[in-house]
Amino acid sequence: MNLRALVLALACLLAPASAAAQGDARAAEVRIKAAFLYKFCDFVEWPTAAFAAPGDAFTVGVVGADALADELAAVVAQRSVHGRPVVVRKLMQGAPLAGLHLLFVGGRDGGRLPEALAAAKGRPTLTVTEAEDGGDPGSVINFVLVADKVRFDVALPPAEAGGLKISARLLAVARKVVAGSS
């Protein structure tokens, strides 16, 4: 067997392994982000006006990340947020955001960010993104990958505009915090 044939054979053998490894890494990233989304809720306080009735569900909307929505639905099954059952909804781009308490806008291209964040502006909705460029000014929390680990940044001004109060404990573990007006 000549060198070219050997290299081609090795490339064929290793390609599926590296693709599988990348798939495993992406699946792990999705699981971690879903767990983070659920745990963020423990460290955020929503205004009482965010819920129409005391027993209303805590509603999470997910745009552009169906795998994450599925994982999050599995994470929150049989669990609650502040004593409320949790509902996860997959949303299409442009879907109404009324009644959402947390909105995750997936996709690293940022194409859907401006529209979704503009629609959530001033609402009591925790907006979470995963923009590589540091997020959009309307995003409260933005996931970033640092040395292949999921981290997050927090921007307080959009949280304050929506009447959300973020715990100092969550801010203490953020990679970066953009201060608000208070």
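The values are calculated or read from the model by the stated rules, or taken from the named source; none is laboratory data. Values in this document were obtained by computation on a predicted structure and should not be read as measured data. Methodologically, a virtual Cβ is constructed for each residue, glycine included, from the backbone with ideal geometry; neighbour enumeration extends over all protein chains shown.
Are there any pairs, at least 6 apart or on different chains, whose C-beta atoms fall under 7 Å, with the first in segment 58-84 and of a type in the set (Asp, Glu) and the second surrounded by 22 or more Cβ atoms within 10 Å (Cβ to Cβ) and modelled with pLDDT of 95 or more, and if so, which? Once the first residue is of a type in the set (Asp, Glu) and sits in segment 58-84, its partners that are surrounded by 22 or more Cβ atoms within 10 Å (Cβ to Cβ) and modelled with pLDDT of 95 or more give Glu71/Ala34. For the residues Leu102, Leu97, Leu113, the requirement of being farther than 18 Å from Ala35 by Cβ and within 15 Å of the chain's Cα centre (by Cα) singles out Leu113.
Can you pull out every residue in segment 46-84 that is among the polar types (S, T, N, Q) and in contact with a His (Cβ under 7 Å, 6 or more places away or on another chain)? Passing the criteria: only Thr59. One residue stands out among those in segment 59-68 that are touching a Phe, Trp or Tyr at 6+ places or on another chain (Cβ under 8 Å) and hydrophobic (A, V, I, L, M, F, W, C): the one that is nearest to Ile166 (Cα to Cα), which is Val60. Restricting attention to segment 37-50 and to residues that are among the hydrophobic types (A, V, I, L, M, F, W, C) and surrounded by fewer than 18 Cβ atoms within 10 Å (Cβ to Cβ), the residue that is modelled with the lowest pLDDT turns out to be Ala49. Yes or no: segment 160-171 includes at least one residue that is of a type in the set (A, V, I, L, M, F, W, C), surrounded by 13 or more Cβ atoms within 10 Å (Cβ to Cβ), in contact (Cβ under 8 Å) with a residue 12 or more places away in the chain and in contact with a Pro (Cβ under 7 Å, 6 or more places away or on another chain). Yes.
Would you confirm, using the coordinates I've provided, whether Asp148 is among the acidic types (Asp, Glu) and out of contact with any Lys or Arg (no Cβ under 7 Å at 6 or more places or on another chain)? When the stated conditions are applied, Asp148 passes them. Reported count of residues in segment 117-152, each being more than 19 Å from Val60 (Cβ to Cβ), of a type in the set (Asp, Glu) and touching a residue at least 60 places away in the same chain (Cβ under 8 Å), is 1.
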